[in-house]
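The values are calculated or read from the model by the stated rules, or taken from the named source; none is laboratory data. Just so you know, these numbers come straight off a predicted model, no measurement behind them. Don't worry about glycine lacking a Cβ; one is built from the backbone with ideal geometry, like all the others, and counts go over all protein chains shown.
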Amino acid sequence: MRRQMVAGNWKMHGSRAANQALLAELEMSLKAEWPIDIVVFPPYVYLGDAVRMLEDGRIAVGAQDVCAESGGAFTGQVSAHMLKDVGCSFCLVGHSERRRWYHEEDALVARKFAAALEAGLTPVLCVGETLDEREAKQTEAVIARQLDAVIATHGVGGFARAILAYEPVWAIGTGRTASPEQAQAVHSFLRDRIHLQDAKIARHLRILYGGSVKAGNAAELFSMPDVDGGLVGGASLSAEEFQQICAAAAVRH
(Lines give C-alpha, C1' and ligand atoms only; values in the text may rest on other atoms or scores of the structure.)
Protein backbone atom coordinates (compact mmCIF):
# COMPACT_ATOMS: atom_id res chain seq x y z
CA MET A 1 0.00 0.00 0.00
CA ARG A 2 1.21 3.51 -0.81
CA ARG A 3 2.41 5.50 2.19
CA GLN A 4 -0.17 8.09 3.18
CA MET A 5 0.67 11.81 3.21
CA VAL A 6 -0.98 14.77 4.90
CA ALA A 7 0.10 18.21 3.68
CA GLY A 8 -0.94 21.48 5.29
CA ASN A 9 -1.15 24.52 3.01
CA TRP A 10 -1.21 27.60 5.25
CA LYS A 11 -1.81 29.97 2.31
CA MET A 12 -1.32 33.63 3.35
CA HIS A 13 -2.09 33.11 7.01
CA GLY A 14 -0.15 33.28 10.24
CA SER A 15 2.60 35.31 11.84
CA ARG A 16 6.00 34.41 13.15
CA ALA A 17 4.73 33.90 16.69
CA ALA A 18 1.57 32.09 15.64
CA ASN A 19 3.46 29.75 13.32
CA GLN A 20 6.00 28.86 15.98
CA ALA A 21 3.24 28.05 18.44
CA LEU A 22 1.40 25.96 15.83
CA LEU A 23 4.48 23.96 14.87
CA ALA A 24 5.44 23.37 18.50
CA GLU A 25 1.95 22.06 19.25
CA LEU A 26 1.98 19.91 16.13
CA GLU A 27 5.30 18.32 16.99
CA MET A 28 4.06 17.43 20.46
CA SER A 29 0.78 15.95 19.24
CA LEU A 30 1.95 13.88 16.29
CA LYS A 31 2.89 10.32 17.13
CA ALA A 32 6.32 9.18 15.98
CA GLU A 33 5.07 5.70 15.15
CA TRP A 34 2.53 6.92 12.62
CA PRO A 35 3.62 5.53 9.21
CA ILE A 36 2.71 8.66 7.26
CA ASP A 37 4.53 11.60 5.69
CA ILE A 38 3.63 15.09 6.90
CA VAL A 39 4.46 18.36 5.14
CA VAL A 40 3.63 21.97 5.92
CA PHE A 41 3.61 24.77 3.35
CA PRO A 42 4.07 28.14 5.13
CA PRO A 43 4.25 31.51 3.33
CA TYR A 44 7.69 32.25 1.84
CA VAL A 45 8.83 34.63 4.57
CA TYR A 46 8.38 31.97 7.26
CA LEU A 47 10.08 29.07 5.47
CA GLY A 48 13.42 29.55 7.22
CA ASP A 49 11.79 29.60 10.66
CA ALA A 50 9.83 26.43 9.87
CA VAL A 51 12.90 24.58 8.62
CA ARG A 52 14.84 25.47 11.77
CA MET A 53 12.00 24.40 14.07
CA LEU A 54 11.50 21.12 12.23
CA GLU A 55 15.14 20.12 11.87
CA ASP A 56 14.46 16.66 13.32
CA GLY A 57 12.75 15.80 10.04
CA ARG A 58 9.50 14.46 11.47
CA ILE A 59 7.61 17.14 9.54
CA ALA A 60 8.92 18.28 6.15
CA VAL A 61 8.65 21.81 4.78
CA GLY A 62 7.48 22.89 1.35
CA ALA A 63 6.89 26.12 -0.56
CA GLN A 64 3.53 27.25 -1.89
CA ASP A 65 4.93 28.16 -5.31
CA VAL A 66 8.16 28.23 -7.31
CA CYS A 67 9.55 30.25 -10.20
CA ALA A 68 9.90 28.46 -13.53
CA GLU A 69 13.25 30.20 -14.09
CA SER A 70 16.48 29.09 -12.45
CA GLY A 71 17.70 32.63 -11.76
CA GLY A 72 18.16 36.09 -13.22
CA ALA A 73 16.26 39.36 -13.44
CA PHE A 74 12.91 38.16 -12.11
CA THR A 75 12.19 40.53 -9.23
CA GLY A 76 9.94 39.09 -6.58
CA GLN A 77 10.39 35.48 -7.70
CA VAL A 78 12.06 32.61 -5.84
CA SER A 79 13.82 29.81 -7.69
CA ALA A 80 13.64 26.11 -6.93
CA HIS A 81 17.34 26.05 -6.07
CA MET A 82 16.81 28.83 -3.51
CA LEU A 83 13.98 26.86 -1.91
CA LYS A 84 16.18 23.77 -1.77
CA ASP A 85 18.99 25.85 -0.31
CA VAL A 86 16.90 27.02 2.66
CA GLY A 87 15.77 23.47 3.44
CA CYS A 88 12.54 22.91 1.51
CA SER A 89 11.81 19.41 0.27
CA PHE A 90 8.50 20.01 -1.55
CA CYS A 91 6.69 22.71 -3.47
CA LEU A 92 3.17 23.18 -4.76
CA VAL A 93 2.75 23.82 -8.47
CA GLY A 94 -0.46 24.74 -10.24
CA HIS A 95 -2.55 25.39 -7.14
CA SER A 96 -6.02 26.52 -8.20
CA GLU A 97 -5.52 29.94 -6.63
CA ARG A 98 -2.36 30.44 -8.71
CA ARG A 99 -4.20 29.35 -11.84
CA ARG A 100 -7.22 31.56 -11.09
CA TRP A 101 -5.86 34.75 -9.54
CA TYR A 102 -2.45 34.84 -11.25
CA HIS A 103 -3.61 33.41 -14.58
CA GLU A 104 -1.05 30.61 -14.61
CA GLU A 105 -1.61 28.52 -17.70
CA ASP A 106 -0.87 24.82 -18.04
CA ALA A 107 2.38 25.46 -19.92
CA LEU A 108 3.77 27.62 -17.11
CA VAL A 109 2.74 25.09 -14.47
CA ALA A 110 4.56 22.40 -16.46
CA ARG A 111 7.74 24.50 -16.49
CA LYS A 112 7.50 25.02 -12.72
CA PHE A 113 7.10 21.28 -12.26
CA ALA A 114 10.26 20.67 -14.29
CA ALA A 115 12.18 23.37 -12.39
CA ALA A 116 11.27 21.78 -9.06
CA LEU A 117 12.43 18.35 -10.19
CA GLU A 118 15.69 19.71 -11.58
CA ALA A 119 16.49 21.31 -8.20
CA GLY A 120 15.73 18.13 -6.26
CA LEU A 121 12.39 19.23 -4.86
CA THR A 122 9.29 17.04 -4.91
CA PRO A 123 6.59 18.90 -6.83
CA VAL A 124 2.97 18.50 -5.75
CA LEU A 125 1.03 19.06 -8.96
CA CYS A 126 -2.48 20.39 -8.29
CA VAL A 127 -5.26 19.74 -10.78
CA GLY A 128 -8.98 20.37 -10.55
CA GLU A 129 -12.12 21.72 -12.13
CA THR A 130 -14.47 24.61 -11.39
CA LEU A 131 -18.13 24.14 -10.50
CA ASP A 132 -19.19 25.21 -14.01
CA GLU A 133 -16.84 22.66 -15.53
CA ARG A 134 -18.13 19.89 -13.29
CA GLU A 135 -21.74 20.71 -14.03
CA ALA A 136 -20.91 20.69 -17.73
CA LYS A 137 -19.43 17.19 -17.24
CA GLN A 138 -15.96 18.42 -18.22
CA THR A 139 -14.11 17.25 -15.12
CA GLU A 140 -12.10 14.54 -16.86
CA ALA A 141 -11.30 16.71 -19.86
CA VAL A 142 -10.04 19.53 -17.64
CA ILE A 143 -7.81 17.47 -15.39
CA ALA A 144 -6.54 15.43 -18.34
CA ARG A 145 -5.48 18.67 -20.04
CA GLN A 146 -3.72 19.89 -16.90
CA LEU A 147 -1.95 16.56 -16.40
CA ASP A 148 -1.01 16.06 -20.04
CA ALA A 149 0.64 19.48 -20.21
CA VAL A 150 3.16 18.32 -17.62
CA ILE A 151 3.70 14.94 -19.26
CA ALA A 152 4.28 16.63 -22.62
CA THR A 153 6.95 18.86 -21.10
CA HIS A 154 8.77 16.45 -18.81
CA GLY A 155 7.53 12.97 -19.68
CA VAL A 156 5.66 10.60 -17.43
CA GLY A 157 8.95 9.68 -15.71
CA GLY A 158 8.81 12.88 -13.69
CA PHE A 159 5.91 11.47 -11.70
CA ALA A 160 8.22 8.88 -10.17
CA ARG A 161 9.48 11.79 -8.05
CA ALA A 162 6.28 13.80 -7.74
CA ILE A 163 2.87 13.84 -6.09
CA LEU A 164 -0.53 14.62 -7.57
CA ALA A 165 -3.25 16.52 -5.74
CA TYR A 166 -6.84 16.66 -6.91
CA GLU A 167 -8.42 19.85 -5.64
CA PRO A 168 -11.91 20.54 -7.01
CA VAL A 169 -12.02 24.32 -7.19
CA TRP A 170 -15.67 24.33 -6.12
CA ALA A 171 -14.72 22.68 -2.82
CA ILE A 172 -11.82 24.91 -1.77
CA GLY A 173 -12.66 27.19 1.15
CA THR A 174 -16.38 26.78 0.45
CA GLY A 175 -17.21 24.18 3.07
CA ARG A 176 -18.33 21.90 0.23
CA THR A 177 -16.43 18.66 -0.13
CA ALA A 178 -16.42 16.12 -2.91
CA SER A 179 -18.04 12.93 -1.70
CA PRO A 180 -15.64 10.03 -1.15
CA GLU A 181 -17.06 8.44 -4.28
CA GLN A 182 -16.55 11.62 -6.35
CA ALA A 183 -12.97 11.93 -5.12
CA GLN A 184 -12.27 8.26 -5.83
CA ALA A 185 -13.64 8.53 -9.36
CA VAL A 186 -11.28 11.38 -10.23
CA HIS A 187 -8.28 9.83 -8.46
CA SER A 188 -8.88 6.57 -10.31
CA PHE A 189 -9.09 8.46 -13.60
CA LEU A 190 -5.76 10.19 -12.89
CA ARG A 191 -4.03 6.95 -11.95
CA ASP A 192 -5.40 5.17 -15.01
CA ARG A 193 -4.14 7.98 -17.23
CA ILE A 194 -0.62 7.62 -15.83
CA HIS A 195 -0.95 3.83 -16.07
CA LEU A 196 -1.40 4.09 -19.83
CA GLN A 197 2.21 5.25 -20.05
CA ASP A 198 3.88 3.57 -17.06
CA ALA A 199 2.16 1.00 -14.86
CA LYS A 200 4.85 1.02 -12.16
CA ILE A 201 4.78 4.79 -11.72
CA ALA A 202 0.99 4.75 -11.61
CA ARG A 203 0.98 2.05 -8.94
CA HIS A 204 3.31 3.96 -6.63
CA LEU A 205 2.11 7.50 -7.36
CA ARG A 206 0.48 9.22 -4.40
CA ILE A 207 -2.64 11.22 -5.21
CA LEU A 208 -3.88 13.53 -2.47
CA TYR A 209 -7.34 15.02 -2.12
CA GLY A 210 -7.60 18.74 -1.41
CA GLY A 211 -10.92 20.47 -0.96
CA SER A 212 -12.24 21.32 2.51
CA VAL A 213 -10.62 18.30 4.16
CA LYS A 214 -11.53 18.29 7.87
CA ALA A 215 -11.21 15.99 10.84
CA GLY A 216 -14.86 15.07 10.36
CA ASN A 217 -14.52 13.81 6.78
CA ALA A 218 -10.88 12.72 6.54
CA ALA A 219 -11.36 9.08 7.50
CA GLU A 220 -14.11 8.54 4.96
CA LEU A 221 -12.13 10.24 2.19
CA PHE A 222 -8.93 8.37 3.03
CA SER A 223 -10.78 5.05 2.98
CA MET A 224 -11.01 5.25 -0.81
CA PRO A 225 -8.44 3.02 -2.55
CA ASP A 226 -6.91 5.76 -4.70
CA VAL A 227 -6.98 8.58 -2.14
CA ASP A 228 -3.51 8.58 -0.59
CA GLY A 229 -3.93 11.42 1.88
CA GLY A 230 -4.91 15.06 1.91
CA LEU A 231 -3.80 18.52 0.89
CA VAL A 232 -5.35 20.40 3.79
CA GLY A 233 -6.12 24.12 3.80
CA GLY A 234 -7.81 25.93 6.67
CA ALA A 235 -7.96 22.87 8.92
CA SER A 236 -4.14 22.73 8.97
CA LEU A 237 -4.08 26.00 10.93
CA SER A 238 -5.47 24.16 13.95
CA ALA A 239 -2.93 21.79 15.51
CA GLU A 240 -5.72 19.73 17.07
CA GLU A 241 -7.68 19.30 13.86
CA PHE A 242 -4.57 18.67 11.76
CA GLN A 243 -3.51 16.01 14.25
CA GLN A 244 -6.89 14.31 13.90
CA ILE A 245 -6.56 14.32 10.11
CA CYS A 246 -3.11 12.77 10.42
CA ALA A 247 -4.53 10.14 12.75
CA ALA A 248 -7.14 9.26 10.10
CA ALA A 249 -4.38 8.83 7.53
CA ALA A 250 -2.39 6.63 9.91
CA VAL A 251 -5.39 4.35 10.43
CA ARG A 252 -5.82 4.01 6.65
CA HIS A 253 -2.23 2.76 6.43
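Is one or more of the residues making up the stretch 71-93 within 20 Å of V186 (Cα to Cα), surrounded by 14 or more Cβ atoms within 10 Å (Cβ to Cβ), out of contact with any Pro (no Cβ under 7 Å at 6 or more places or on another chain) and not aliphatic (A, V, I, L, M)?
no
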Q: Among residues belonging to the stretch 1-21 that are in contact (Cβ under 8 Å) with a residue 60 or more places away in the chain and in contact with a helix residue (DSSP H, G or I) (Cβ under 7 Å, 6 or more places away or on another chain), point out the one that is farthest from A239 (Cα to Cα).
A: R2
Q) Does E97 meet the test of being of a type in the set (D, E), part of a helix (DSSP H, G or I) and buried (at least 18 other Cβ atoms within 10 Å of the Cβ)? A) yes
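Identify, from the list A165, A160, A171, the residue that is over 15 Å from A202 (Cβ atoms) and without any contact (Cβ under 8 Å) to a residue 60 or more places away in the chain.
Only one candidate qualifies: A171.
Keeping to the stretch 200-235, report how many residues are in contact with a Gly (Cβ under 9 Å, 6 or more places away or on another chain), part of a loop (DSSP other than H, G, I, E, B) and within 13 Å of A183 (Cβ to Cβ).
Qualifying residue count for the region: 4.
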Q) So, in the stretch 171-186, of the ones that are assigned to a loop (DSSP other than H, G, I, E, B) and within 16 Å of the chain's Cα centre (by Cα), which residue ends up farthest from E133 (Cα to Cα)? A) G173
Q: Test R134 against the criterion of being without any contact (Cβ under 8 Å) to a residue 40 or more places away in the chain and assigned to a helix (DSSP H, G or I), and give yes or no.
A: yes
(Q) Considering only the stretch 78-85, I want to know if a residue exists there that is over 16 Å from the mean Cα position of the chain (by Cα), part of a loop (DSSP other than H, G, I, E, B) and at pLDDT 95 or above. (A) yes
Q) Across the stretch 214-253, which residue is modelled with the lowest pLDDT among those that are among the β-branched types (V, I, T) and farther than 14 Å from V124 by Cβ? A) V251
Q. Which one is surrounded by the most Cβ atoms within 10 Å (Cβ to Cβ), of the residues in the stretch 195-235 that are touching a residue at least 40 places away in the same chain (Cβ under 8 Å) and β-branched (V, I, T)?
A. V232
**Q.** Tally of residues being at pLDDT 95 or above, part of a helix (DSSP H, G or I) and either within 18 Å of the chain's Cα centre (by Cα) or among the β-branched types (V, I, T) (or both) across the stretch 150-170
**A.** 7
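Can you confirm whether V66 is closer than 19 Å to Y44 by Cα, over 14 Å from the mean Cα position of the chain (by Cα) and of a type in the set (V, I, T)?
Spelling it out, it is not the case that V66 is closer than 19 Å to Y44 by Cα, over 14 Å from the mean Cα position of the chain (by Cα) and of a type in the set (V, I, T).
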